[in-house]
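Note sheet for the following structure.
The values are calculated or read from the model by the stated rules, or taken from the named source; none is laboratory data. Keep in mind it's a predicted model, so treat the numbers as computed, not measured. As a convention, Cβ positions derive from the backbone with ideal geometry for all residues, glycine included, and neighbour counts pool all protein chains shown. With ligands, DNA and RNA removed, areas are computed over all heavy atoms of the protein, side chains included. Shrake-Rupley method; radii C 1.70, N 1.55, O 1.52, S 1.80 Å.
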Amino acid sequence: MTAVLDLVVPGPSNSIRSDNHPVLEPGNRSFPQGCYRLAFEEVRSPDSGSSNMMTFSLRHEIEKAPFITRLVEEGRAVFACIVSSPLSSYRKTYSSREPRQKIECAMADLGEPPMFTPLVVCTDQIISTLDAETDGVDPIWQDQTITLYKGSRLAVGSIIRLEASIAHLLTMHSDASLESGQFFVEEQTEPYQFSIKLHPELHRFLRYKSDQHVQRNNIIVHIVTACLALLQREWGDGNDERDWESVPNLKALAAHLAARDIPHWTDGEFIPEKAATQLYPLKLMVSDPESAME
């Protein structure tokens, strides 16, 4: 189960603090053999008009820190994850009693792919005398009696920042009025996204045939080209070039393109199809490209 954690927890930081109890975190030797990782199992963007929620399925992994593992198993500590977005000032902490955690966030609140700070925090006040061998702590903590309070951090993982992508701006919708193989693009303003209307068969293919990598990639190239062309029409030459910077989703997309040395929609050298194939290069379904010309 995942819930919003009603605890006062300081901001996301991997700086080493001076704590009165051992903490599993990068650079801290309290648990010499300990390891804390956050593994993403799925990142799902909105795919229907009824929701603009992004879903993140992740898994907390703690190794060789038996003191922390035991408190979680006893229900006296929980896994947590701070989800934050500097662009929109969004910040919320979610908790889970299970290592697998599912988090949903509204795109309108995020404005960009968020940062994740994994944590393990206490839910009770705990007084414990530590044993280096049993608890997996450094010998310096041997026979030390510590007091943990509700909200005390037991573990802090490395901050993870998901990469921005135009894929986060696409929502797919089935449209039975279209003929086989057809699609078209409309823009949505709250939040700014691209609404892709597809023939039902095409919609099912993109949603469920993830094993058809080449064909799926090439369809996405068509869609992304249309989206970028729409951006160029709406925000390119002849319009106020700075207006788009007040739109968080577009600001994040522009940064994504700039990081790859790709011009964006207000640049004179911007070509939608070229930008689309830089992001998603077309893939051939033959092993020898020359044979495709025969």
*State all residues of region 85-96 that are part of a strand (DSSP E or B) and either surrounded by fewer than 18 Cβ atoms within 10 Å (Cβ to Cβ) or touching a Ser or Thr at 6+ places or on another chain (Cβ under 8 Å) (or both); if no residue qualifies, say none.*
90, 91, 92, 94, 95, 96
_Restricting to region 106-135, and then to whatever is over 32 Å from the mean Cα position of the chain (by Cα) and of a type in the set (Gly, Ala, Ser), can you tell me which residue is farthest from residue 78 (Cα to Cα)?_
132
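For region 118-136, how many residues meet the condition of being within 30 Å of residue 255 (Cβ to Cβ) and open to solvent by 10 Å² or more (accessible area, probe 1.4 Å)?
0
Among what's in region 245-254 and is open to solvent by less than 60 Å² (accessible area, probe 1.4 Å) and out of contact with any Leu (no Cβ under 8 Å at 6 or more places or on another chain), pick the residue that is nearest to residue 234 (Cα to Cα).
Kept after step one, since they are open to solvent by less than 60 Å² (accessible area, probe 1.4 Å), are these residues of region 245-254: 247-250, 252-254.
Now restrict to residues that are out of contact with any Leu (no Cβ under 8 Å at 6 or more places or on another chain): 247, 254.
Details: 247: 13, 254: 15 Å.
Ranking the qualifying residues of region 245-254, first place goes to 247.
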*In region 265-280, what residues are at pLDDT below 90 and within 28 Å of the chain's Cα centre (by Cα)?*
266, 279, 280
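Residues that are under 17 Å from residue 37 (Cβ atoms), open to solvent by less than 10 Å² (accessible area, probe 1.4 Å), small (Gly, Ala, Ser) and in contact (Cβ under 8 Å) with a residue 60 or more places away in the chain: does region 97-117 have at least one?
Checking region 97-117: not a single residue is under 17 Å from residue 37 (Cβ atoms), open to solvent by less than 10 Å² (accessible area, probe 1.4 Å), small (Gly, Ala, Ser) and in contact (Cβ under 8 Å) with a residue 60 or more places away in the chain.
Just checking, does region 57-75 include any residue being of a type in the set (Ser, Thr, Tyr), open to solvent by 20 Å² or more (accessible area, probe 1.4 Å), outside any helix (DSSP H, G or I) and modelled with pLDDT under 90? Give the steps one after another, and end with the answer.
Let us first name the residues in region 57-75 that are of a type in the set (Ser, Thr, Tyr), namely 57, 69.
Checking the rest, the ones that are also open to solvent by 20 Å² or more (accessible area, probe 1.4 Å) come to 57, 69.
Adding the requirement that they be outside any helix (DSSP H, G or I) leaves 57.
If we keep only those that are modelled with pLDDT under 90 too, we end up with 57.
Scanning region 57-75, I find at least one residue that is of a type in the set (Ser, Thr, Tyr), open to solvent by 20 Å² or more (accessible area, probe 1.4 Å), outside any helix (DSSP H, G or I) and modelled with pLDDT under 90, so the answer is yes.
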*Search region 185-206 for residues being modelled with pLDDT of 90 or more and among the charged types (D, E, K, R), and hand back the single one that is nearest to residue 244 (Cα to Cα).*
186
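Filter region 27-45 for residues that are hydrophobic (A, V, I, L, M, F, W, C) and within 26 Å of the chain's Cα centre (by Cα) and give the result. Explain how you work it out, then say what you get.
Residues of region 27-45 hydrophobic (A, V, I, L, M, F, W, C): 31, 35, 38-40, 43.
Within region 27-45, 35, 38, 39, 40, 43 meet the criteria.
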*From the list 28, 20, which one is open to solvent by less than 40 Å² (accessible area, probe 1.4 Å), at pLDDT below 95 and within 16 Å of residue 138 (Cβ to Cβ)?*
28
_Just the residues that are among the aliphatic types (A, V, I, L, M) and touching a residue at least 40 places away in the same chain (Cβ under 8 Å), please, taken from region 118-156._
119, 120, 121, 126, 130, 137, 146, 148, 154, 155, 156
*Could you list all residues from region 148-172 that are at pLDDT 90 or above and open to solvent by less than 40 Å² (accessible area, probe 1.4 Å)?*
148, 151, 152, 153, 154, 155, 156, 157
_What's the number of the only condition in (1) at positive phi; (2) buried (at least 16 other Cβ atoms within 10 Å of the Cβ) that residue 143 fails to meet?_
(2)
